[in-house]
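Structure first, then comments.
Where a number appears in this text, it was derived from the coordinates with a stated rule and is not lab data. Please read these numbers as outputs of a predicted model, since none were measured by experiment. Backbone-built Cβ (ideal geometry, glycine too); neighbour counts: all protein chains shown.
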Amino acid sequence: MSEYVLQTMNLSKRYRNENVVDQVNMKIHKGDIYGFIGLNGAGKSTCIRLIAGLTYPTSGTIHLFGSQDDKQLNEARQKIGTLIEHPAFFPHLTARQNLEVIRLQRGVPGKACIDKVLKQVGLAETSNKKVKSFSLGMKQRLGIAIAMLCEPELLLLDEPINGLDPIGVIEIRELLRQINQDYGVTILISSHILSEVHQIATSYGFIHQGKLIEQLTAKELDEKCRAHLLIEVDNTARAVTVLESKLHTLQYEVLPDGKIKLYSHLQESKLVSKVLMENGLQLEQITPHRDTLEDYFTSLVKGESSNE
Amino acid sequence: MNNLLRAEWYKLMRNKVLWILSFIIIGLTFLLVLLQYLDHQGMFADTGVKVEIHDEATEAYPISGIKLFIESIYSPDLFLTVVLTSVLGVYFITGEHANGTIKNLVSIGYQRSKIYFSKLITFVSGSIMLVLLFAISFAIFGALFFEIGVWPDSDLLFRTLQMLLLSWLFIIAFAAIVMFFSVIPRGTGVGLLLSIGFYFIAGAGLRMLSYKYALAEKIQNYVVYYRYSTLDVNNLSLANVVELTMIPLCTAIIFIISGLFVLQRKDIS
């Protein structure tokens with residue numbers, strides 16, 4: 001249990017007659033940047049809200065830092081920083097005053113931590129401005145500052161780059177990478193901007209219709225998204241036989257739409273097309289390809305939907 | 001709990017509504033004392049209008065800052081107290097549900113009961129401060145327009161203290177009621193409507209019914225709103241003191257338990 005910073009067991013949340021979160025078994029190792037990926041309404045935010053204690057599970061358990069009961073879970077929550085759904089502040093207070101409220105609530109001694117975190121998120125110059133005059137991006141930065149103030153061991157960030165301009169996105173990405181590497185902070189980051197998550201995540205959880213349909217490390221994902229030749233022919237079954245008998249390869253995958261992913265002979269597309277055509281197949285397409293996270297997620301979600 | 005109380009106090013002291021209400025109280029008392037002063041100068045002699053906060057207990061004393069201070073404690077205004085506690089409570093408590101900052105607090109891992117009590121304690125302190133500000137403003141403006149005056153005899157001082165403590169107990173009950181209605185909604189408007197609406201039903205409404213129905217009259221005797229408006233410490237027996245203590249205390253306990261029940265089960269968003 002203790003090897004995981006966060007582990008959920010059959011975590012479920014039911015609203016009226018709908019399972020918003022359904023039997024989720026999530027495991028996050030210490031030091032991970034866990035990309036939590038799902039469509040809008042998939043259950044990402046509800047999962048994070050359950051972990052943060054903002055709502056109660058209908059069934060299942062949450063183990064934070066090895067906690068075994070509710071009391072330990074509540075104590076463990078003192079080690080987490082959160083930014084959930086949208087950053088929340090007192091609009092009539094300044095950024096510094098908002099951070100002071102959080103500092104007092106958490107009982108962090110000294111005010112140096114406020115200056116440090118303001119500098120980290122790039123709000124040092126505007127710290128004495130009232131939050132109501134902040135732009136969306138500045139509010140997002142302050143939300144991240146609030147989450148980071150207590151030097152948490154686990155950061156739960158729900159759509160943290162929403163509203164940030166391109167430079168802001170890069171800065172926050174670098175900041176998260178830095179606190180993960182320098183301080184060993186484990187980060188759970190949910191986002192629908194998959195390309196952003198792909199740049200920093202070290203492990204992934206894919207959620208769809210409340211169910212965690214896959215969890216894998218970045219290495220495993222790279223393996224699954226590896227380069228291949230995408231082949232489209234008029235007869236898939238015969239093409240597979242030809243690949244096995246003439247090219248002596250088993251490194252292929254047949255997609256639900258009949259296309260074939262060939263993971264061998266990557267530099268020999270001419271040879272592959274020649275062999276296929278010599279065996280009477282009509283070749284529609286043969287192109288070198290590499291799946292992106294979006295492609296992988298899309299195929300995962302489509303596969304899940306077709307299974308239902 | 002100590003951290004929570006410090007944070008709540010920090011927020012209360014920077015709450016705009018608290019300061020707006022304070023300025024309104026100061027302005028209102030200034031006007032009331034000014035009117036008394038003008039009346040004292042014979043300005044309204046021809047009109048027959050008499051401007052005076054009158055209480056038998058202080059009748060013997062000439063008008064002064066101290067006399068106005070004591071009289072304001074002796075004559076608590078129910079409607080003003082209810083409105084002040086409701087407005088402060090709703091903006092202080094429901095405001096956090098409306099702007100979402102309650103999320104930051106709950107996700108830290110504090111028990112919700114501790115969060116509830118830290119807010120209630122701070123809110124009660126703020127409400128008592130506002131009601132006290134009335135008396136203090138009367139004392140200051142009274143001293144400026146008339147004279148400081150002399151301290152009354154020890155018997156009157158004792159009764160003033162008794163009145164002050166009892167009225168604080170009632171303010172705790174009012175605050176517990178407002179707190180209950182403040183944790184239910186997510187919008188300050190609804191919170192205000194529920195808090196003041198409850199006063200109109202259980203206070204003014206019940207009072208009207210009591211003129212017609214004996215049962216309503218009996219119930220009214222155990223309702224904090226009515227008992228606060230008829231609070232009188234002159235010639236109190238021990239049984240009266242116990243009753244006047246138990247009614248606000250029981251009311252506060254019932255509403256605190258109900259409020260805790262709501263917050264414990266509430267989805268924070």
Count neighbours as other Cβ atoms within 10 Å of each site's Cβ, and list the trypsin sites (Lys or Arg not before Pro) in segment A:106-189 that are DSSP loop with at most 12 such neighbours.
-> A:111
Label-point separation, residue B:38 to residue B:250 (7 Å along Cα→Cβ), nm = 4.7 nm
So, relative contact order of segment B:134-269 in percent, Cα under 8 Å, 6 or more apart, is 33 percent
Calculated from DSSP helices alone, with each H run of at least 4 adding -39500 (n - 2.57) and the total divided by the residues of chain B, [θ]222 nm to the nearest 500 comes to -23500 deg cm²/dmol
When the distances between all Cα atoms of the protein assembly as shown are binned every 10 Å from zero, what whole-number percent does each bin get?
-> 3, 14, 19, 18, 14, 11, 8, 5, 3, 2, 1, 0, 0
Residue among A:170, A:190, A:217 farthest towards the positive dipole end of segment A:155-239, charges placed on Cβ = A:217
Any idea how far apart residue A:128 and residue B:229 come out in nm if each label point goes 7 Å out from Cα toward Cβ?
-> 5.0 nm
Does anyone have the angle between helix B:65-74 and the longest principal axis of chain B? Alpha-carbon axes, 0 to 90°, nearest 10?
-> 50 degrees
Along the positive direction of the dipole of chain A (beta-carbon charges: Lys, Arg +1; Asp, Glu -1; about the Cα centre), which of A:64, A:160, A:107 reaches farthest?
-> A:107
Please arrange A:289, B:97 by counting, for each residue, the other beta carbons lying within 10 Å of its beta carbon, fewest first.
-> A:289, B:97
Helix axis angle, B:238-265 relative to chain B longest principal axis, alpha carbon, degrees | 30 degrees
Does anyone have the angle between helix B:78-89 and the longest principal axis of chain B? Alpha-carbon axes, 0 to 90°, nearest 10?
-> 30 degrees
Run the dipole for the protein assembly as shown about the Cα centre, Lys and Arg Cβ at +1, Asp and Glu Cβ at -1, nothing else charged, and hand back the magnitude in debye, nearest 20.
-> 340 debye
Using alpha carbon centers only, segment A:1-60 is separated from segment A:68-82 by a whole-angstrom value of 15 Å
Using a 10 Å cut-off on Cβ to Cβ distances, tally the other chain neighbours for every residue of A:141-148 and report the average as a whole number.
-> 1
